[in-house]
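Each value in this text was obtained by applying a stated rule to the coordinates, not by laboratory testing. Treat the numbers as computed from the prediction; the structure is a model and nothing was measured. Here the Cβ positions follow ideal geometry from the backbone for every residue, glycine too, while neighbour counts run over all protein chains shown.
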Amino acid sequence: FVQTPGGGVPSGPGALLTDTFSLVSNLVIGSTYTFHVRAICSVGDTSVWNSVNLNFNYCASGATSTFDTKIASVSINGVVVASPTGPGNCATYTDYTALPPFQIISGASFPVAVEHGTCGGLYGAYAKVYIDVNNDLTFDPVAEMVAEGAVPAGTILSVTGNLPIGTFSGVTRLRVVLREGGSATLNQPCGTYTWGETP
């Protein structure tokens, strides 16, 4: 597509022109896109091209060791989005982002369950569930945290999640952080920690 700036013309060298535009197609998470910017000078026909590469990805999150604390299962609104892949409920780590989506409604309340596996030393942990409600490729640690609580080893945290009221439609991303020795403060949607799992 071609976008002609609508914010006016810079007044001189070093001046900035700010403009907004809408994409004609959706961007795919995990893909890199190159945007070409062309500036045409008012004197003569000299033009300058510049390229900007943008990568659309969610921030990384996960434990440096999943030996003692693993997620055995996660369910949202009655739909299981993670399940054991090892003996008992001592699951091995699996990337669940390719699973089919489940349906929730903006502003609604829905049941959330996170099952702590019975691995290793059976340490207690803390779980938080995030949903990227506004689909901006970030998990807001406050506004998009929909459920949380302590999960003793081998037990299930069952809580009621609450989506923020507002516009919410289409497919978005869910993130669960189960952190050994975690807390309401320590558990964050991004970054690494020592023991636990973020599927």
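Per the Debye calculation on segment 154-199 with a single equal scatterer at every Cα and no solvent contribution, log₁₀ I(q)/I(0) for q = 0.27, 0.32 Å⁻¹ amounts to -1.18, -1.32. Remark on segment 122-199: hydrodynamic radius 13.0 angstrom, per the Kirkwood mean of 1/r across alpha carbon pairs.
Annotation: extensible slack from residue 155 through residue 67 equals 30.0 nm (criterion: 0.36 nm per residue apart, minus Cα-Cα distance).
Peptides 185-193, 122-130, ordered by how many other C-beta atoms sit within 10 Å of their residues on average, highest first, read 122-130, 185-193.
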